[in-house]
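Peer 1: Dumping the structure here so I can ask a few things about it.
None of the figures in this text is laboratory data; all of them are computed from the coordinates on show. In this text, all values refer to a predicted model and were calculated from it rather than measured experimentally. All Cβ positions, glycine included, derive from the backbone under ideal geometry; neighbour counts span all protein chains shown.
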Amino acid sequence: MTARVGVIVFPGSNCELDARVAFSALGAEVEMIWHAGTSLPEVDLVVLPGGFAHGDYLRTGALARFSPVMDRVRDHALRGGLVLGICNGFQILCEAGMLPGALRKNNGLKFLCRWVDLRVDNNDTAFTSRAEQGQVLRIPINHFEGNWYAEPAVVDRLRENNQIVLRYVDNPNGSVDDVAGICNESRNVFGLMPHPERACEQLLGSDDGIVLLGSLLDHVTDRAGVAG
């Protein structure tokens, strides 16, 4: 079975083509979906890519959460469909209430564009099944507001539920508990600040992003096999 991936495009998105190239190279069928649409095509995975949706006016993701397509993205998630938010996509998912917490300005108030090491702290998800527990992945970041924050009670709940999927080995932005990526309670919505779609070729410095993107495609194939 060929996985079907829908990439949402907002005004100001700038990583949608990176996502399309990465998933296409792994064998998926990719469709670009404009944010103003009121329906979703039949897809297995919805990707909210990086960028600056609506220019990040007000704050990151604050306007994009009201885009008409986001109602359909919520419906997709409630039906058990996979949703991946990368960088600005993670910010949008938090603003939309699909993931807990919020993304604040980095400690030091500096834009960060660099490679980082991420530790896989939960490999029992659709997003990390190809990884070993504790495996370290080398993936780049590219953000100014990547400092994830939540109230202590929320952080405690995420720890208890094992929803903190990725942590920074050397926290670059001040995120609480070194959080780099989290999932929802149902484990079908995942957001992370690093860009796995930019780490899919050794020529670019790392292909560790394939561990994450490939895990998603494995999950789609496995689920189709069970359904069949």
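Peer 1: Tell me which of 45, 146, 191 sits at the most positive position along the dipole axis of the chain, charges placed on C-beta atoms (Lys, Arg +1; Asp, Glu -1).
Peer 2: 146
Peer 1: Select from the stretch 1-72 those chymotrypsin sites (Phe, Trp or Tyr not before Pro) which occupy a DSSP coil region and have at most 14 other Cβ atoms within 10 Å, ordered by residue number.
Peer 2: Values: sites: 23, 34, 52, 57, 66; in loops: 52, 57.
Taking the stretch 1-72 and a limit of 14 other Cβ atoms within 10 Å, the loop chymotrypsin sites (Phe, Trp or Tyr not before Pro) found are 57.
Peer 1: Sort 92, 210, 139 so that the residue with the fewest other Cβ atoms within 10 Å of its own Cβ comes first and the one with the most comes last.
Peer 2: Details: 92 30, 210 20, 139 26.
Placing the least packed residue first, the sequence is 210, 139, 92.
Peer 1: Below 12 angstrom from the Cβ of residue 145, what's the summed charge of the other residues (Lys, Arg +1; Asp, Glu -1)? Could you put the intermediate results ahead of the total?
Peer 2: On the way: positive: 59, 104, 105, 110; negative: 56, 95.
It works out to a net charge of +2.
Peer 1: Positive end of the dipole of the chain, charges at C-beta (+1 Lys, Arg; -1 Asp, Glu), about the Cα centre: which of 17, 28, 61 has its Cα farthest in that direction?
Peer 2: Value computed over the given set: 61.
Peer 1: Taking the stretch 76-118, which trypsin sites (Lys or Arg not before Pro) meet the DSSP loop condition and have no more than 11 other C-beta atoms within 10 Å?
Peer 2: Working: sites: 79, 104, 105, 110, 114; in loops: 79, 105, 110.
Taking the stretch 76-118 and a limit of 11 other Cβ atoms within 10 Å, the loop trypsin sites (Lys or Arg not before Pro) found are 79, 110.
Peer 1: Another question, then. Nearest 0.05, what FRET efficiency do residue 39 and residue 17 give at R0 = 25 Å with Cβ-Cβ as r? Don't skip to the end; give the middle numbers.
Peer 2: Details: r = 23 Å, r/R0 = 0.91.
Given R0 = 25 Å and the Cβ-Cβ separation, E is 0.65.
Peer 1: Using a ≥ b ≥ c from the Cα gyration tensor of the stretch 112-160 (square roots of the eigenvalues), is it rounded, prolate or oblate, where a/c under 1.5 gives rounded and otherwise the larger of a/b and b/c decides, a/b for prolate? Could you put the intermediate results ahead of the total?
Peer 2: Working: a/c = 2.57, a/b = 1.02, b/c = 2.51.
Since a/c reaches 1.5 but b/c is at least a/b, the shape of the stretch 112-160 is classed as oblate.
Peer 1: Moving on to the next point. Please list, by residue number, every one of the GluC sites (Glu not before Pro) in the stretch 88-159 that is coil in DSSP and has at most 11 other beta-carbon atoms within 10 Å. Mind showing how you got there, number by number?
Peer 2: Values: sites: 95, 132, 145; in loops: 132, 145.
Of the GluC sites (Glu not before Pro), the ones in loops of the stretch 88-159 whose Cβ has at most 11 other Cβ atoms within 10 Å are 132.
Peer 1: Also, I was wondering about something else. Between 71, 121, 178, find the one with the highest GNM mean-square fluctuation for the chain; connect C-alpha pairs within less than 10 Å.
Peer 2: 71
Peer 1: Then there is this: Just check the stretch 84-228 against the gyration tensor rule for me: Cα atoms, a ≥ b ≥ c as the square roots of the eigenvalues, rounded for a/c under 1.5, and otherwise prolate or oblate depending on whether a/b exceeds b/c.
Peer 2: Details: a/c = 1.76, a/b = 1.20, b/c = 1.47.
It comes out oblate by the Cα gyration axes.
Peer 1: Let me ask you something else. Treating the beta-carbon of each Lys and Arg as +1 and of each Asp and Glu as -1, no other charges, what is the dipole magnitude of the stretch 4-227 about its Cα centre, to the nearest 20 debye? Present the calculation step by step, with values, prior to reporting the outcome.
Peer 2: Working: 20 positive and 28 negative charges, 89 e Å.
Result for the stretch 4-227 is approximately 420 debye, rounded to the nearest 20.
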